[in-house]
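**Q** Structure provided below as structure tokens; questions to follow.
Since every read-out is calculated from the coordinates, none of them should be taken as a lab result. As the structure is a prediction and not an experimental result, all values here were calculated from the model. Note that each Cβ is placed from the backbone with ideal geometry, even for glycine, and that neighbours are counted across all protein chains shown.
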Amino acid sequence: MWHRSLTYALGERPRTSPPERVRALIDEQQVQSEILIGWVQFALVAFFLVLYVLAPKTSAGTRFLPVPWVLGAFLVATCVRLVFAHRRMLGPVLLLAGVCIDMAMLMGLIWSFHLQYEQPAPFYLKAPTMLYVFIFIALRSLRFEPLYVIAAGIAAAGGWLTLLAYAALSEETKVTRDYVQYMTSNTVLIGAEIDKVISILMVTVVLALGLVRARRVLYRAVADSVLAHDLQRFVAPEVAERITRSERELRPGDAEVRMASILFTDIEGFSTISEKLRPEALVALLNEYFAALTEVIDRHGGVITQFRGDAMLITFNTVRGDRDHAANAVRTALAIQELTRDRAYGEGIAMRTRCGINTGEVVSGAVGAKDRLLYTVHGDEVNVAARLEQLNKSYGTYVLAAEGTVRAASHAFSFERAGEVIVRGRSAPTTVYTPARVAETASSRPF
């Protein structure tokens, strides 16, 4: 029961302690918040100075003017604090000391009013400057650490009680229970001052409670943000964005049917290449190769849906909308040919890449079990594209496209008929084509 009530009041605690990199991000935000607090406080002190300059000062007989001295000390302390904040020198001890010093300066400013205006001590209890106490407490909430809000609130309550005790115990002070007399004379109404202390403490408690809740949400939000950023390194950014921005949790079977183009790629003779390289050299080779191809794929609007060893499954018009998806798939395949024909990878190794392209209705979405999902595309048209990539070896080509792609991309490319094949799982023969731009290069290769 107690645990449930505490969770209801403070919010759900993060399931695990945030990793070091998440804490580093939050710590950096805290540093920036401390700098912001310093500048806001500087603006407040400057505002006090402006008010002092514009307001009537005191009677002609006053020899000592404490307010400008207190304001000057306050300004110096604020500037020192700003320098420390910019140099990242404000540790927990200095922060707590700074909070107490700030509140002591503010209370000292309020206390000096009765000297400045030559009035009995209760005079300062009615100073509107007391309202700035709440601003200084609220300032601490810019940093997501409730400890400093609580410290500011306790310091403010203690400071006001000290001012009350000083005023009530002064020889010339009269304590009253008459509210009208309290408001119209230099008397002390204990209950009214206790109300102010209670208000200070209540505001402190509410802000601290809000900060605890916000801090827990912050940790979860930053952790989720870092996770989403990392997720983009394992899946396409568009897929990661769809997952993180989904209005509800993705479940197996959440998918949509749409017209799309599928491009399969595979490295020619990769088994032979991998046999000659050390594992670390092979990984470095693949990383360089995939990095180069990714730039080409992104440029033409493709989305790498899966890596399969040295092969890639690239989709067009699935998670990223693309009206000219068929032509862009062909453009990507041709750009890959240019890239792999003119460039070597790793230790001077050439890696020609075979491509199979098909266009048709595919199912795009989440597949798998409840606790382990894969965002991919599937359907008969996907199988055809995979089969076409393999058939390049038989036809001596590097790019083969099915009839669906040829029809959809005919406005941008001309194709040459390569032949007819029976694709596994289909009874009718499938006519396959190769783009005219690579037909000459392809035909020069031996079968």
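**Q** Sorting 89, 312 on the 10 Å Cβ count, fewest up front, what's the list?
**A** Sorted ascending by nearby Cβ count, the order is 89, 312.
**Q** If you don't mind, another one. Go through 281, 432, 321 and say which Cα lies farthest out towards the positive end of the charge dipole of region 254-443; charges sit on Cβ, +1 for Lys and Arg, -1 for Asp and Glu.
**A** Going by the Cα projections, it comes out as 432.
**Q** What shape does region 254-443 take by its C-alpha gyration tensor, where a ≥ b ≥ c are the square roots of the eigenvalues and a/c under 1.5 counts as rounded, a/b above b/c as prolate, and the rest as oblate?
**A** Oblate is the answer for region 254-443, as a/c is 1.5 or above yet b/c matches or exceeds a/b.
**Q** Have a look at 339, 304, 269 and report the one farthest towards the positive end of the charge dipole of region 248-358, computed about the Cα centre with Cβ charges (Lys/Arg +1, Asp/Glu -1).
**A** Selected residue: 304.
**Q** Under unit Cβ charges (Lys, Arg +1; Asp, Glu -1), what dipole magnitude, rounded to 20 debye, does region 297-353 have relative to its Cα centre?
**A** 100 debye
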